[in-house]
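Shown next, in structure tokens, is the structure this report addresses.
The values are calculated or read from the model by the stated rules, or taken from the named source; none is laboratory data. Since the model is a prediction, treat every value here as computed from it, not as a measurement. Methodologically, a virtual Cβ is constructed for each residue, glycine included, from the backbone with ideal geometry; neighbour enumeration extends over all protein chains shown. Only protein heavy atoms, including side chains, enter the accessible area calculation; ligands, DNA and RNA are left aside. Shrake-Rupley method; radii C 1.70, N 1.55, O 1.52, S 1.80 Å.
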Amino acid sequence: MEKSRPIPLDSMQSGHHLPQFLLQEGGAWIALGIILAITAVLYGFVRHSTEEQVYQRFLYRAEQERSTLLFRLHAHAQVLRGAAAFVEASDKVKRDEWQSYVRNLQLEKTLPGIQATGFALMIQPGDRAAHEQAVRREGFPSYAIKPDGARELYSSIVFLEPFTEVNQRAFGYDPHSEPVRRLAMTRARDSGEPALSGKITLFQENDGQPQPGFLIFMPVFHSGQPPTSVEERRAKLRGYSYAAFRVRDLLGSIFNPGNKDVEIELYDMAVAPENLLFDSRLEKKISTHGRQRVTLPIEFGGHQWIAELCSSPEFDRINAMALPLSVAIGGILSGLVVFFWVLRNNDYRRRITNYASRLSRNEKRLRTLIDTLPDIVCLKDGAGRWTEANSTLLHILGLSETDYRGSTSQELAASGKFDTAPLTLLDASDEPAWRHGGRLDEELVFRDHDGNEQVFDIAKVALFAADGSRQALVMVGHDITKRVQVEKELRSAERKFRGLVEQSLAGVYIIQGPRFRYVNPWFARIFGYESPEEVIDRVAVIDLVAPEDRQKVADNVRRRESGEIAALHYGFTGQRRDGSKLDVEVFGTAVDYEGQPAVIGIIIDISKRKQAEAELHRHRMHLEELVAMRTADLQLAKEAAEAAYRAKSTFLANMSHELRTPMNAIIGLTHILSRRSTDPALSDKLGKIDKAAGHLLCLLNDILDLSKIDAERLKLEQTSLRLGGIVANIESLVGDKVAARGLQFELDIDPQLAEARLLGDPLRLQQVLLNLVDNAVKFTEQGSIAIRATTVAETASTLTARLIIADTGIGIAPEAQERIFSPFEQADGSTTRKHGGTGLGLAIVRKLVRLMNGNLELASTPGEGSTFTLTMVFDKAAPGTAELPTEQTGPVTKDFTGKIVLLAEDEPINQEVALELLQGLPGLVIDVADDGAVALERAAAKHYDLILMDIQMPNMDGLQATEHIRRLPGYATTPILAMTANAFAEDRARCLAAGMSDFIAKPVKPELLYAKLEQWLATKAESA
């Protein structure tokens, strides 16, 4: 069967056929709608075309005005080029010559609007005075370059025409002194071309109605070969020919009142109120902008103006075209004519052919519009044949390459060229739409080749003829795939969160008014209900609150519903269904629920927590009682420990005193006998006694040091020190011993580290290093001993140093390397060991290093030697911090004639030793006191130059005696030296606190005693 197709428009235009729908009343309305749509399109097109023509006409006029302005600027620049050539052609231009030159140009006729034309001469500072005198001799006695003041370079306006009274204000002005003018002059000089300045106020501007101004500069060079480079132009610059303009005077002659098309706003560099040069609207007192606007840059002389041009009211009036409105009115009237013509007379067929031709031309535009819609559009006739469809629907159905018009869906499906399922789905609701007789809505889901869904909201409208026959079926579908997906996700999220709320172990509620609008199952369970339905809209909020808290809960609900507070967290006593009470905690927030204020929150049963807290409080009270009892026990234990600590301290002090007292006698008498003996055999034995005594003294010092460290009584000094000085002391102390064993002594100290001023305890640091070096010497038979010091790291306040003591001795076995740092332990502990020692040295060294916040490491190989590495972090000493003075020992060189010394000593042997040592000093007179009381009596009866004071003496100890002697007349500064066996640091501190000047520990070294006497007696003499 041949397909029935719609009659094409071209046959209508030729008059062979007339569409049947135009013969019916419904057809007239359709025709009217189509004509109005076409009229709207034509109106838009004509209006756009007309406005584009007007804009192009305005743009042409704007370009003309810009060209006129540029032409005028170039004309003035050409005048300045001629002026520059006029000056360059002569070594010296006279004033009357310049005047004649400018007058002959007749600028006021040829180029109106110029304020002045002149020449500015460049002047070096050294030529200023001569220049001013020369101009004054020309008849200008008050001439001077202005403004006054010293500058690196001057310029002066020497020629200016017309030389009127107003222009004479600029005579002698230095334009190079002002930044805007100087910038233009510099640009002109370097380019050799005219340069336009920025916006300025002319020097000759009057005070009445000042105008914006600008200048054009043209460089003038010395005669000769024209300069070709920037350097040559700068060197040969003679001055500038220039022109000064008042903007309104100049532009008023260009944009004159006769210009009725374009108004201009001219800005310097950028569009801003402060940069406005000229506004022709203000000149004409026009307050509104025209319909057409354009912004054009004006480039001239290396500078830019911005011209904002707008159409004048006259231009807008002349170019106001009525064609678009005519098209609109004509289209509407035509549609009405067609409408009434179709209704009244079928004889008017031939008159609508003109409109049909227009419809034919716009058919493609309408189809393009429909095809670009994201929605699907379809039109079928009363028999179900396809008449129209847009490209979106054709793509989905696979009909893009098919001639579908005039075919039914069944005929298209029978071709077998594509998937028929979408066609069947689309046709399924056609018959219900016809039967319904109105609009039918449904959702259709299409699937592509990959199985992806595309959902459309379909609307079908059936159109019937006047006689009730089926005329057309219109279908429009909107893509709602994303909306459907979002709705699925929302439903999924709602199910998820509803599940969370329903399964939550916290009660969730919504309160609105006096009742609950929602509760979850756990909420109902908390208050003894079987299900939420028993609570929602049935139970009042106040019924679930204990009477004592009902007012508080009611107030809080009201405050949140009214918006007084947004959220609240508090607790109250609740009441279950059976009347029992429970403790609850709520977290509530004000919300809108179904358009009304409400409160949403969660509620938690804290009854068990309250019970646990009460139980915990009871346990806490009991625990406090136990703690009080334990604290009392600990206080008793603390007091017992402190008593034991004091007993240990007293024992150490007594042991030190009791051991050092006889050692003082042994060492002192040995020294005296050695000094007097001439028998070599006796001297040898005395030397051995002295060596043995020294060994015992070292042992005593080590034991006491170890005891003080363990008792935490050893206090380290924090004084200034230099590692270089400490290493030098060690070298002097062990140098002879190293040489005697035939060993090499190597020193490698970083010079910068050696001189660095650091904070620490120099005596204890020297003790550590000396012990390690002595150990190396003891266990090294041949080879060398080395001390190396380097800087590891340094900051603004600290310095980390590494000190290495290495030897080539016998080495230490691996299993003994840790043991040797324990007290009374040695690497070789057998009865046949070759080397002696107590095993205290390295133990003391490690403990001292740890007290100094340092680290000591050992690396040793038996038979090859040992290396001790000491790493310490020192604080840097502040500039000017004094170093701790080192003890000076050596032979006595002073004569003590006339010096009287009082010796206070109760122990006869020590008294005898001290007298023997003191009597060996030339000229010194010694008196002896057996105790502190006798010393006080003798000091009161006789003045002494120095007092040597023991501490532990009967009747009155040395500390009390010192305090009393200090109160005697003349003894405020007398040196009082403690000479005692109490050698702890606290003993020294007590002596100094009692007023003693210095401290000498027993056993007394004769060299140290002599050095102290020499030091203090010399100090006494200087103060006297």
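So which of Arg66, Arg61, Arg81 ends up being assigned to a helix (DSSP H, G or I), in contact with a strand residue (DSSP E or B) (Cβ under 8 Å, 6 or more places away or on another chain), within 30 Å of Leu237 (Cα to Cα) and charged (D, E, K, R)?
Sole residue among the options that is assigned to a helix (DSSP H, G or I), in contact with a strand residue (DSSP E or B) (Cβ under 8 Å, 6 or more places away or on another chain), within 30 Å of Leu237 (Cα to Cα) and charged (D, E, K, R): Arg81.
Do you know which residues across segment 984-998 are in contact with a Ser or Thr (Cβ under 9 Å, 6 or more places away or on another chain) and at pLDDT below 85? Even if it seems obvious, please write down each step before you answer.
Going residue by residue through segment 984-998, those that are in contact with a Ser or Thr (Cβ under 9 Å, 6 or more places away or on another chain) are 984, 986-987, 991, 994-997.
Once the filter is applied, which keeps residues that are in contact with a Ser or Thr (Cβ under 9 Å, 6 or more places away or on another chain) and at pLDDT below 85, segment 984-998 yields Phe984, Glu986, Asp987.
Residues are listed down the side, and each one gets a yes or a no for (1) surrounded by 16 or more Cβ atoms within 10 Å (Cβ to Cβ); (2) under 19 Å from Ile306 (Cα atoms); (3) β-branched (Val, Ile, Thr):
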| site | (1), (2), (3) |
| --- | --- |
| Arg187 | yes, no, no |
| Lys199 | yes, yes, no |
| Pro210 | no, no, no |
| Phe214 | yes, yes, no |
| Gln225 | no, no, no |
| Ser229 | no, no, no |
| Ala243 | yes, no, no |
| Tyr267 | yes, yes, no |
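Can you tell me how many residues in segment 474-498 are over 25 Å from Pro374 (Cα atoms) and open to solvent by less than 60 Å² (accessible area, probe 1.4 Å)?
Residues meeting the conditions: 2.
If a residue must be buried (at least 17 other Cβ atoms within 10 Å of the Cβ), more than 19 Å from Glu453 (Cα to Cα), over 60 Å from the mean Cα position of the chain (by Cα) and not charged (D, E, K, R), how many such residues does segment 385-433 contain?
Count: 10.
Among the residues in segment 103-115, are any among the acidic types (Asp, Glu), at pLDDT below 85 and either surrounded by 16 or more Cβ atoms within 10 Å (Cβ to Cβ) or over 17 Å from Pro162 (Cα atoms) (or both)?
no
Among the residues of segment 154-189, write down those that are out of contact with any Phe, Trp or Tyr (no Cβ under 9 Å at 6 or more places or on another chain) and within 14 Å of Tyr240 (Cα to Cα).
Of everything in segment 154-189, those that are out of contact with any Phe, Trp or Tyr (no Cβ under 9 Å at 6 or more places or on another chain) and within 14 Å of Tyr240 (Cα to Cα) turn out to be Tyr154, Arg182, Leu183, Thr186.
Suppose we filter segment 294-329 for residues that are more than 13 Å from Phe58 (Cβ to Cβ), part of a helix (DSSP H, G or I) and either open to solvent by less than 30 Å² (accessible area, probe 1.4 Å) or modelled with pLDDT of 80 or more (or both); how many remain?
3
Please determine, by comparing only the residues of segment 449-473 that are open to solvent by 50 Å² or more (accessible area, probe 1.4 Å) and in contact with a strand residue (DSSP E or B) (Cβ under 7 Å, 6 or more places away or on another chain), which one is farthest from Leu397 (Cα to Cα).
Selected residue: Phe464.
Take segment 425-460 and flag every residue that is closer than 20 Å to Pro374 by Cβ, out of contact with any His (no Cβ under 7 Å at 6 or more places or on another chain) and hydrophobic (A, V, I, L, M, F, W, C).
Correct list: Leu425, Leu426, Leu444, Val445, Phe446, Val455, Ile458, Ala459.
Which residue, of Glu97, Glu205, is over 30 Å from Glu231 (Cβ atoms) and open to solvent by less than 20 Å² (accessible area, probe 1.4 Å)?
Residue meeting the stated conditions: Glu205.
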